[in-house]
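No value in this document is a laboratory result; all are computed from the given coordinates. Quantities reported herein were computed from a predicted structural model and do not represent experimental measurements. Virtual Cβ from ideal backbone geometry, glycine too; neighbours counted across all protein chains shown.
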Amino acid sequence: MESDLRSIGELARATGLGVGTLRYYDGADVLAPAHVDPQTGYRWYGPRQLADARLLARLRRVGLPLTGIRAVLGAAPGTGEAHRVVDAHLRRLEDGLADARRELSLIRTLIDQRENPMTAAPTRLRFTVPAPALAAALDAVRFAVCTDPELPVLAGVLFEVDGAALRLVATDRYRMALAEVPLPTTPGPRPGTIVPTALADALLALLPGATEAEITLGGGFVRVETGAHRIEGATPDLDYPDYRALTRLDPLHRVDIPAADLRGAVESGAAHTLPSGPGGADCTVTVLAITPDGRLAVPPADVDPTPGELRVAVNRDFLLEALAAGRPEQLVLELGGPIAPLAIRTPGRDGTFSMLMPIRLPDLVRSTE
């Protein structure tokens, strides 16, 4: 038998993977040996596993996560699944490179301001946006602003100019909402500005009925003018957390559904109570399920899923608030798995979406109908 097999050492030398690495991938159910000696525990690999091991080594070099490696090696031939996993990882790498270029451009600007304070470009940025678009963006993110006084960096809406768009971001760590407003020009790089919650709410009240809004950001200051009306105030000198990595989702399922239908299913569907939700209070949980034929359901958590069914549990109140934000008529739900964030998108508004962090299904302890 051993004449047809490679020892773990031989496979390591042929692929560049260490013996310890091969043992790790065996334990992770990624590349199990064809035979394990029952007396010595020594691993032996079949002739076809050399190609799998070499592929695994390449996937490691490009930083594909363990779940992705497992999906590629386990993909059925001819389904295209392996290519989809690799293509999704390439998009994440490209997004990461774009983020790095953006940050380095901003770093150069900050270095210039630090080294040449008298000649550096003004730190304030002024631009004009359509007032209805800004109001819609604020309405889409306001629900996710943090109310925890221990987290002042999240107590507001991030205004960030990114290329030809003004991006608004809000998060309380359990959910995140993003919205974009197109800009007529592409300003240079500037640090993002955290607009405090009170100012963001005042701005929401200022915008109805206006056609344009002139925004001035930077230097610890924000001002918004709409014709004869104006609000302004100080902004905190804090660095907003890096949110971009969390937005690079790799959904397994996408479901188009009218917002009213989903809200009705959530409100009338089974609910479950956790005794220690965000902030120390009880929270009500909704379980969303994607059936093997692609339908969305709200099943009880104590009913076992059918084979091939994907489930994700989220805070029910957070979900209902996300469905109401921006008052969309149609939604696209993106689900990547039971421990991946749930993304809620509005068709035709690629830069506007919200995310809810999942809740572990085993934590559901009692049902409330």
What are the ³J(HN,Hα) couplings of segment 25-36, residue after residue, when phi is run through the Karplus curve with 6.51, -1.76, 1.60 and θ = phi - 60°? Round to Hz, x for glycine and proline. 5, 5, x, 8, 6, 9, 9, 7, x, 6, 8, 10
Taking K and R as +1 and D and E as -1, what net charge do the other residues with C-beta under 13 Å from the C-beta of I257 add up to? 0
GNM on the chain, C-alpha springs below 10 Å: top fluctuator among E232, E103, E150? E150
Which residue, R61, R223, R124, tops the fluctuation ranking in a GNM of the chain built on C-alpha contacts under 10 Å? R61
Pick from V224, V266, V19 the residue whose mean-square fluctuation is largest in a GNM of the chain, springs joining Cα atoms under 10 Å. V19
Nearest 10 degrees, 0 to 90: what angle lies between the long axis of helix 197-206 and the longest principal axis of the chain (Cα atoms)? 60 degrees
Per-residue ellipticity at 222 nm attributable to helices in the chain (runs of n ≥ 4 DSSP H, -39500 (n - 2.57) apiece, nearest 500 deg cm²/dmol) works out to -9500 deg cm²/dmol
